[in-house]
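Trainee: Structure incoming, see below.
The values are calculated or read from the model by the stated rules, or taken from the named source; none is laboratory data. Quick caveat, the model's predicted, so the values are computed rather than measured. As a convention, Cβ positions derive from the backbone with ideal geometry for all residues, glycine included, and neighbour counts pool all protein chains shown.
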Amino acid sequence: MPGTYRIDDFRKKYPHLAREILDGEGGQSIELTVDMGYSDPWSGYVPTVIDYIRRCKSVSEALEVIDYLVKHEELSTRDAEELRTLLREKGLEFFGGRKQDDYYYKEARRYWEKAFENT
């Protein structure tokens, strides 16, 4: 890829600049930002209770997840009761298809393949 350097090559080619940027010499704070021209689709993403439920293999496992989230104050007891009722009455399928262990990997791969089709 043109315009890219390994750290060691950068240090050899630009020793003074490397010391300023990488070693913090020079007395000023330097912030280095690299714009790759695209963003990470999962950056900052926090799974919801529904995401966790969709990874479960059974209703009992989903109920355990809900209990865990309530215990750690990540889910209110009111919301937990609503979810428990839905699980008991409608089952796991109500929340959508099961997310396999590599679900996010596959989604990210689709995203990146689509992003690089146009380049």
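Trainee: The conditions are (1) over 14 Å from Tyr52 (Cβ atoms); (2) surrounded by 11 or more Cβ atoms within 10 Å (Cβ to Cβ), and Lys99 fails exactly one of them. Which is it?
Mentor: Status for Lys99: all satisfied but (1).
Trainee: What number of residues within region 62-119 satisfy the criterion of being touching a residue at least 24 places away in the same chain (Cβ under 8 Å) and more than 19 Å from the chain's Cα centre (by Cα)?
Mentor: Total meeting the criteria: 12.
Trainee: Of (1) at pLDDT 95 or above; (2) part of a helix (DSSP H, G or I); (3) not small (Gly, Ala, Ser), Leu75 satisfies all except one. Which?
Mentor: Unmet condition: (2).
Trainee: What are the residues in region 1-58 that are modelled with pLDDT under 85 and among the small types (Gly, Ala, Ser), if any?
Mentor: Gly3, Ala18, Gly24, Gly26, Gly27, Ser29, Gly37, Ser39, Ser43, Gly44
Trainee: What number of residues within region 55-72 satisfy the criterion of being within 20 Å of Arg98 (Cα to Cα) and part of a loop (DSSP other than H, G, I, E, B)? Outline the logic, then answer.
Mentor: Narrowing region 55-72 to residues within 20 Å of Arg98 (Cα to Cα): 55-69.
Of the ones still in play, those that are also part of a loop (DSSP other than H, G, I, E, B) are 55-58.
Number satisfying all stated conditions: 4.
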